[in-house]
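The values are calculated or read from the model by the stated rules, or taken from the named source; none is laboratory data. What you are looking at is a predicted structure, and each value in this text was computed from that prediction instead of being measured. All Cβ positions, even for glycine, are placed from backbone atoms using ideal geometry, and neighbour counts span all protein chains on display.
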């Protein structure tokens, strides 16, 4: 069973995460940042990952530490749940539309962390979420999960739609990449 539990406590955040990769998208998220909770819920539901996340952060400062640290811990949880990464599809990609917005995501569960992020967001915030934090979350996740992640806005006008389409594209790409194939390690090197 591909599950993981991560607890991470710093002077800025206190986080507990449980994930089950082969779940049904059951989700319980409470970070104190409503829009971010909405995005994490969308990620869980669309990836089919059971996910429980609680985070108490220094929101009196802003949401940066909360969003980045959840990305760190969630990336660590995925890395732990995947183990040696043998027998998975490794790659996944998806285009996801949301009304006028269209976003693309490609993932390689390679052990080589990298983020290529391209979005032209026009507003400062969505609710209580600074829009620049979307990139911070994806970077923290990618570098702690050990994945190569390409995510981009193809086009769009409404920042809520753009960010949500990115999270859903990420969910579908990750779902495809972690799919069990029953084979060995998909690499000419024999290991990831």
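Worth a mention:
Okay, residues lined up against (1) surrounded by fewer than 20 Cβ atoms within 10 Å (Cβ to Cβ); (2) in contact (Cβ under 8 Å) with a residue 40 or more places away in the chain:
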residue: 45; (1), (2): yes, yes
residue: 55; (1), (2): no, yes
residue: 60; (1), (2): yes, no
residue: 101; (1), (2): no, yes
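Conditions tested, residue by residue: (1) closer than 18 Å to residue 90 by Cα; (2) at pLDDT below 95; (3) over 12 Å from the mean Cα position of the chain (by Cα).
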| site | (1), (2), (3) |
| --- | --- |
| 107 | yes, no, no |
| 119 | no, no, yes |
| 141 | yes, no, no |
| 145 | yes, no, no |
| 151 | yes, no, no |
| 189 | yes, yes, yes |
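- From the list 94, 77, the one residue that fits, being in a helix (DSSP H, G or I), buried (at least 18 other Cβ atoms within 10 Å of the Cβ) and at pLDDT 95 or above, is 77.
- Meets criteria (at pLDDT 95 or above and part of a strand (DSSP E or B)) for residue 53: yes
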